């Protein structure tokens, strides 16, 4: 199933809307599709903006991981689904073993259901944190809003 990346200027409160009813749990298939949508969104819209121009020019790949520290690598199926992405995707743990070497980290920290066809995700791109709102539209998960929630400060050397 393809993942559509669409950014809309929707209600900024969409990132925080919650109903009084408990949201249904996400299936493993939906979790995978949501993670893929967030990774594609991060690469297309955020990672280039999160890097200094000199670092972006030397970028050779993206290291994708899931969980709080990015330590859970994407499945082989997820990597296959992302093979069309430029720069190339590598599992985060393989990048760590290789000292990153021109690659930057991108994590999907958590995903939670916020309605029957809605979800929220927390992610990190380079060293910045984001909150994403997603909707399922015609069976495809779409990132509808993204909000910067934390920015890493550059250290002086």
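Quick check on my filter: what residues within the stretch 85-97 are farther than 19 Å from residue 140 by Cβ and either touching a strand residue (DSSP E or B) at 6+ places or on another chain (Cβ under 8 Å) or in contact (Cβ under 8 Å) with a residue 24 or more places away in the chain (or both)?
87, 88, 89, 90, 91, 92, 93, 94, 95, 96
Has the stretch 94-108 got any residue that is closer than 17 Å to residue 134 by Cα, modelled with pLDDT of 90 or more and part of a strand (DSSP E or B)?
There is at least one residue in the stretch 94-108 that is closer than 17 Å to residue 134 by Cα, modelled with pLDDT of 90 or more and part of a strand (DSSP E or B).
Matching residues to (1) in contact (Cβ under 8 Å) with a residue 24 or more places away in the chain; (2) outside any strand (DSSP E or B); (3) under 20 Å from residue 23 (Cβ atoms):
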{"site": "74", "(1), (2), (3)": "yes, yes, no"}
{"site": "83", "(1), (2), (3)": "no, yes, no"}
{"site": "113", "(1), (2), (3)": "yes, no, yes"}
{"site": "119", "(1), (2), (3)": "yes, no, yes"}
{"site": "142", "(1), (2), (3)": "yes, no, yes"}
{"site": "148", "(1), (2), (3)": "no, no, no"}
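Determine if the stretch 60-72 includes at least one residue that is over 19 Å from residue 132 (Cα atoms), assigned to a loop (DSSP other than H, G, I, E, B), in contact with a helix residue (DSSP H, G or I) (Cβ under 9 Å, 6 or more places away or on another chain) and at pLDDT 80 or above.
yes
Considering each of 77, 133, 119 in turn, give the residue that is touching a helix residue (DSSP H, G or I) at 6+ places or on another chain (Cβ under 9 Å) and over 25 Å from residue 151 (Cα atoms).
Unique residue meeting the criteria: 77.
The values are calculated or read from the model by the stated rules, or taken from the named source; none is laboratory data. Remember, predicted model here, so these are calculated numbers, not experimental data. We place every Cβ from the backbone using ideal geometry, glycine too, and count neighbours over all the protein chains shown.
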